[in-house]
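Right, one structure below, let's go through it.
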Amino acid sequence: MDPLDIHPAKFNTSAVHHTDRMSDVMSYIRGRTDVPLVEETFGQLLDDTAARWPDTEAYLFKRTGARITFADIQEKANRLAAGLKAIGTGRGDVVAWLIGHRPEWIYLYFAVAKLGAIALPFQEARVGRSEEAMNNALKKVLSIVKMGTAREATGAGVKVLIMGDISGVDQTDGTVPYLCSLFPEVKTTEPGMLQIERLPELTGIIMLGDNAAGIGVCSMDEVLKIGSDEKLIAEVTTLQDQLSCHDTFVLTFTSGSTGQPKCAELSTHSVYNSVNFAVKGIGTPSAGKALYPYLSFHFAAALPFFIPGCTFVFPASTTPSSVEIMKTIQEERCHSVATMFVKDFHGLLHDPHFSEYDLSSLRAVFVTGNATPKSLLDRAADVLPEVKVIVSYGLIEFLGVAAAPSDMIGEGKGATVGKLGPHVEGMGGEIWGRGYNLFKRYRGDEEKTAKAMAADGWFKTGDLGVLDEHGVLRLFGRISDMIIRNAYNVHPSVVEAPLSKHPKVQDVRVVSVPDPASVEEICACIILKEGQSADSEEMKMFCVEIGMVPIEMPGYFIFVDEFPVVATLRKVDRKKLRLVAMEKLGLTEET
């Protein structure tokens, strides 16, 4: 069965056992299993690496100019873990932080790991300085269980919150007013004695810098000073043998492209081994510098530990622009970009200032997230001919599913995203997956967890794809994006791919709009290249010239300057884009 003939309405995945699916519309493939999985915590990883390469430079932070070694990380992480322990943080407690690209981010990551606590690095793009977004995010972390028809909070919310040094804020200026607006209680309490009725587990707030005095919160320096006690450090060291790599270690929010963002729990085991296999797939050199644009992404902190000798460079901004990325590559002579999301890679290759920067040091770029269009890879081959581009597919809930070099990406329906990774099981149609790299659950939402996970451990991605006999996965996109036109199912990707080849088109996304005759009509939303102009007739003529089949030809074309994006800024929000298209076309749901 062609996957484009599968529509969610006809494809019930809620109660089908995977063996039935394999004999029906699914193909089953398992990745290689000869590469062993590693059973190690991040605290153990840090201690082992620091013992072998203490003076090796692991990170360079462009914002502060700080260069930190593995020994630096170990020393600060031990003290910070001891200090957090002294103020009441223990195994299973959630430690959240919202800070810029600074070394403290790394110290916190490994300090939390050494305590067996749970890390929650907030993405500035998601919460920023919004009181509503921050409050919603903090509340969502609470574990909730179903009690009959009621739902009851069982604790395990955020225990400690660390803040300061966000983009647009010089050092910690502005953090105190923001904190006081979020939590008026901090003005009247002693440090470590915070009591907030709506967030009962939050007992401590820590600020970067030294301007926390008098508002009831601790400074990071105070916590490090407390953590200098040798007895406390010894207790942290002893604790390492009691921790499990299968415990929840990090919480991260989904993009929210299909609804409200969900809070996914990941274990050290899934993150550790995903990073390990990703590094092998990237092929990053063992020396020199690699750019990593997104410090808030959970892979970032661990990468240098698998490639000692390669220094990872973080740009100044937590959401760097294309110009900032290119400037950093030029100044630091970076040989690779360890991770770029498809949207950001597209923006970089089409940036009007692209030709002004010397990117000759660049040899590899790892592009992740969703399917990478062939047209984008062709553009990369034209403007960066010496650069090897590696594409991959994965989700927050299902890390490192597949990866492939760009020369594997061919023409035709569906974008190749590579072979299934080691120890990963997959089935095509609606892509189902199982393996070490799955998340544990959606925290606080057992109903959505049950909906996404089959009883026998298979995760339902909601993406449409095909697996061949060699384990190569071709991805079409979200099943929920499917357009029903005259009883035919048309996926946006099969329309976007040919339209992206028009010489005037910079980017294109296809959405459905209401149509009484066809149920849904296809609307192509187009961003033109700088200085170009076009109209619907020109686009329709192009579709005819390239032989697009009538059922896939858009009924509408609109031209926009940009696409709306989801909260993480890393994916196009097709729901919002559909509303933009309907407004431009004067359509309503009753049309």
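No lab work stands behind these numbers, since they all come straight from the coordinates. Since this is a predicted model, take the numbers as computed values, not measurements. Cβ placement follows ideal geometry from the backbone for every residue including glycine, while neighbour counts extend to all protein chains displayed.
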Check: Can you give the charge dipole size of the stretch 482-585 about its Cα centre, rounded to the nearest 20 debye, using +1 on the beta carbon of Lys and Arg and -1 on the beta carbon of Asp and Glu?
Finding: 400 debye
Check: Looking at the stretch 364-471, which GluC sites (Glu not before Pro) are DSSP coil and have at most 14 other C-beta atoms within 10 Å of their C-beta?
Finding: GLU386, GLU411, GLU469
Checklist line | Filtered GluC sites (Glu not before Pro), the stretch 525-591: DSSP coil and at most 16 other beta carbons within 10 Å | finding: GLU530, GLU562, GLU589, GLU590
Checklist line | Separation in nanometres of the label points that stand 7 Å from Cα toward Cβ, at SER355 and VAL383 | finding: 1.1 nm
Next item on the list: Bin width 10 Å, alpha-carbon pairs only: give the P(r) of the stretch 482-585 as whole percents, running from 0 to the bin holding the largest distance.
Entry: 15, 50, 31, 4
Next item on the list: Would you mind calculating the gained length between ARG32 and GLU197 on full extension (0.36 nm times residue separation, minus the Cα-Cα distance), in nm to one decimal?
Entry: 54.3 nm
Check: Any idea how far apart ASN486 and ASP407 come out in nm if each label point goes 7 Å out from Cα toward Cβ?
Finding: 4.2 nm
Notebook entry, point to check: Separation between the ARG67 and GLU589 pseudo-spin-labels, each 7 Å from Cα along Cα→Cβ, expressed in nm?
Noted result: 5.9 nm
Check: So how much slack lies between ARG91 and ASP535, counting 0.36 nm per residue of separation and subtracting their Cα-Cα distance, in nm?
Finding: 153.8 nm
Margin query: Over the stretch 482-585, what is the relative contact order in percent, taking alpha-carbon pairs closer than 8 angstrom and at least six residues apart?
Written below: 25 percent
Checklist line | Net length gained if the chain between VAL549 and LYS501 were fully extended (0.36 nm per residue, minus Cα distance) | finding: 15.7 nm
Next item on the list: Grab the alpha carbons of the stretch 448-520, take their convex hull, and tell me the volume per residue in Å³.
Entry: 166 Å³
Check: Using the beta-carbon distance between SER321 and THR237 and R0 = 30 Å, what value does 1/(1 + (r/R0)^6) give for FRET efficiency, to the nearest 0.05?
Finding: 0.10
